[in-house]
Amino acid sequence: MIPSREWTLGLMHERGMPPHIIRHSKTVRLAAVYVAAVLQEAGFGIDVRLVDRAALLHDICKADSLLNGGDHALMGRRLMEELGYLRIGEIVGQHIRLESLEVNEAMVVNYADKRVMHDRVVSLQKRFIDLMNRYGKNEQSMQRILKHYADVSEVEQVLVRSSGFEPERLNHLNLITGDHTLDG
């Protein structure tokens, strides 16, 4: 079961997602739908509607975790499961760390999220330099970020090898002035 986009946007507002997280989520959606379309063309059975909604909802509990602590991916997964959207919950729960390197909707949303810094598509290198500058406070956190970078770089290579995906083409999405299909 996949909710409508109207329901999805309504939930984002109902949950009080801050405007900057909504902008980030809309850009992740744009990148994720592009990657999903490339994978579909290459013959993968990717559900683009599922990717669309899961990308919009991937940070549905981010504000909650910033205020109260906790793993926002796990919190988002639980919320979506409670609302009856198990597949979206599964994807939201993997938007930070993937359970496998299987090419599927979770991989698409995970990768797209790593390519979006705030509300702009950037390279993995730029995104992780920003993460290192903001969160690399000690040796342990720096090593964790570097490991995460290596993991996401592997995801990118899986996408390239399996479908001919060209990572630099995502940068062209920055030329789109707004996501008019969502903004009216």
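Values in this text are rule-based calculations from the coordinates and carry no lab data. Model, not experiment: these values are computed from the prediction. Note that each Cβ is placed from the backbone with ideal geometry, even for glycine, and that neighbours are counted across all protein chains shown.
Among the residues of segment 75-87, which ones are crowded, with 18+ Cβ neighbours inside 10 Å and either touching a strand residue (DSSP E or B) at 6+ places or on another chain (Cβ under 8 Å) or part of a loop (DSSP other than H, G, I, E, B) (or both)?
Of segment 75-87, the ones crowded, with 18+ Cβ neighbours inside 10 Å are 75-77, 79-80, 85.
Y85, the sole residue that qualifies.
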Identify, please: which residue in segment 1-48 is assigned to a helix (DSSP H, G or I) and among the basic types (K, R) and is, among those, surrounded by the fewest Cβ atoms within 10 Å (Cβ to Cβ)? R5
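Starting from residues that are out of contact with any Phe, Trp or Tyr (no Cβ under 7 Å at 6 or more places or on another chain) and in contact (Cβ under 8 Å) with a residue 24 or more places away in the chain, keep the ones in segment 153-162 and report whichever is surrounded by the most Cβ atoms within 10 Å (Cβ to Cβ).
V158
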For segment 123-159, how many residues meet the condition of being in contact with a helix residue (DSSP H, G or I) (Cβ under 8 Å, 6 or more places away or on another chain) and not in a helix (DSSP H, G or I)? 2
Within segment 49-74, count every residue that is among the small types (G, A, S) and assigned to a loop (DSSP other than H, G, I, E, B). 2
Kindly indicate which of E99, E90 is among the acidic types (D, E) and either assigned to a helix (DSSP H, G or I) or touching a residue at least 40 places away in the same chain (Cβ under 8 Å) (or both). E90
Consider segment 27-46. How many of its residues are touching a residue at least 24 places away in the same chain (Cβ under 8 Å) and either in contact with a helix residue (DSSP H, G or I) (Cβ under 6 Å, 6 or more places away or on another chain) or hydroxyl-bearing (S, T, Y) (or both)? 13
